[in-house]
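Take a look at the structure set out below.
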Amino acid sequence: MAEANVKKKSPLWHIAGATVTTFVVLWIYKTIALNLTLFSPLAKAIGDYSMDDFYYQLLAQADEADSSTVVSIVDITDVYGRDELADLIVQVEEQGAKVVGIDCVFEGLKEDKPYGDSLIAAVATRYDNIVFAYKLISDSWDGDQWTITRNSFFADSLGKYNQGFIDFERSIYGDMKRNVIVADSVMGELRPSLCKIVADKYAGQETVKLKKGDIRVNFSPTEYQVIPPDSISEYRNYIADRVVFLGTMRDESDMHYTPQGKIAGVKLLAYSVETLLEQKEIIEASGWVLWLASFLLVFVVIYFFDRYAVLVARVGNELLGYLLSSILVKGIIKFLLMAVFVWGAFILFCQENISINLAYALAAIPFTVSAENLFNILVKNFKNNKKQ
């Protein structure tokens, strides 16, 4: 223990240098992983992961999901005819829905059932609180705007009516959907998404400015009342003065991966509209804030263990000193520090809807010991060269 007793506190510049070295080491490992074909799929999958996903899992385990008082869903998975759907919309209107969102596109005429086409067109004309959907054709993006859309058959003949696109931004590799598009350039003009139109109509004012871009959806666990199509009148309390979406809840082709797991597209719309209405979008920390937070957290870890080593060196009992300086005990302490950081970020996420991605800091912390040793060698070599 004689050597340990001469352990001195490292100056702050030394700890700062070791912190910078830690991130350099992490960058080297990350570069190697990204450029090795073997690790390419893993690297892309990890790149699509967000701390938000972890926070939502904690929320799901901690509390019961809140029940929405704003949005309800009518499940039309088993409604096949347009005449049936038109009748269903009328029933929803009769129960006093404030806004009705239709999560399907009535593409093309049904020559075998023209009566259904007429009824849908009549409904679109009769009610001005219905928002119909259209889709953007993925390969029609020319770099500045979408040039082709997939609309309902009555899009050109009815003139002006409410319609918005239902496309979401997603990860190219992981297909994870986290953001709702507010507006985008479509065929020479800036057009709002269906979610923005629905939210604005419900609020009676503009919820967010009409500008090209997206916002982060708040996926805090929420239960949306799902109404069976044959019992509309029995659910008046869940329809009157609400946003009511008509969409499929059990159609595998319309399921999407989100931080809440795999959910129906209509439920994704519900989360998005509620985010806009409640003004509770998730705000991601900007780049410099993220890096500053990561630097400070790693700095704190290195500072803590530097002072910890000084204290352990003063322990009179050799066995106790050995145990306190062991890799096992240090590993446990390091894990507890990381847990405190994550818990703090989680509280900030819950209270202020601010998301700080701690992935870089958490990934860097395991490299602190080797990085500090490397920095010590560099400093020692620099001093020796300076003496010569």
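Here are the numbers for this structure:
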| item | result |
| --- | --- |
| Set LYS98/LYS177; LYS98/LYS267; LYS212/LYS267; LYS177/LYS267; LYS211/LYS267; LYS160/LYS196 screened for pairs whose C-alpha atoms are more than 21 Å apart | LYS98/LYS177; LYS212/LYS267; LYS211/LYS267 |
| Translational diffusion of the range 231-337, µm² s⁻¹ [Kirkwood Rh, Cα pairs; Stokes-Einstein; 10 °C; 1.306 mPa s] | 81 µm²/s |
| Helical mean residue ellipticity (222 nm; -39500 (n - 2.57) per DSSP H run of 4+; nearest 500) of the chain | -15500 deg cm²/dmol |
| Once exposed loop GluC sites (Glu not before Pro) are cut out (DSSP; at most 14 other Cβ, 10 Å), longest piece of the chain | 207-388 |
| The chain: angle of helix 327-352 to the longest principal axis, Cα-based, in degrees nearest 10 | 30 degrees |
| Ratio Rg/Rh [Cα only; Rh per Kirkwood] for the range 296-388 | 1.10 |
| Residues whose placed amide H lies under 5 Å from that of ASN179, excluding near-sequence neighbours | GLU169, VAL217 |
| At R0 = 30 Å, FRET efficiency that the Cβ-Cβ distance of TYR161 and GLU223 yields, to 0.05 | 0.45 |
| Centroid-to-centroid separation of the range 349-388 and the range 103-122 [C-alpha atoms, Å] | 63 Å |
| Unit charges at the beta carbon, dipole of the chain: most positive-side option, PRO366, HIS14, ALA183 | HIS14 |
| Stretch gain in nm, segment LYS211-MET187, where the contour uses 0.36 nm per residue and the Cα spacing is subtracted | 7.1 nm |
| For the chain: accessible area per residue (Å², 1.4 Å) | 55 Å² |
| Proximal lysines relative to LYS383, as straight alpha-carbon distance under 20 Å, when same-chain residues fewer than 8 apart are discounted | LYS7, LYS8, LYS9 |
| Rough spin-label spacing in nm, given labels placed 7 Å along Cα→Cβ, for ILE283 and LEU362 | 2.3 nm |
| Distance between the range 191-231 and the range 247-293 - C-alpha centres, whole angstrom | 11 Å |
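The values are calculated or read from the model by the stated rules, or taken from the named source; none is laboratory data. The model shown is predicted, which means the values in this text are computed figures rather than measured ones. Don't worry about glycine lacking a Cβ; one is built from the backbone with ideal geometry, like all the others, and counts go over all protein chains shown. The accessibility values were calculated without ligands, DNA or RNA, using every heavy atom of the protein model including side chains. Shrake-Rupley method; radii C 1.70, N 1.55, O 1.52, S 1.80 Å.
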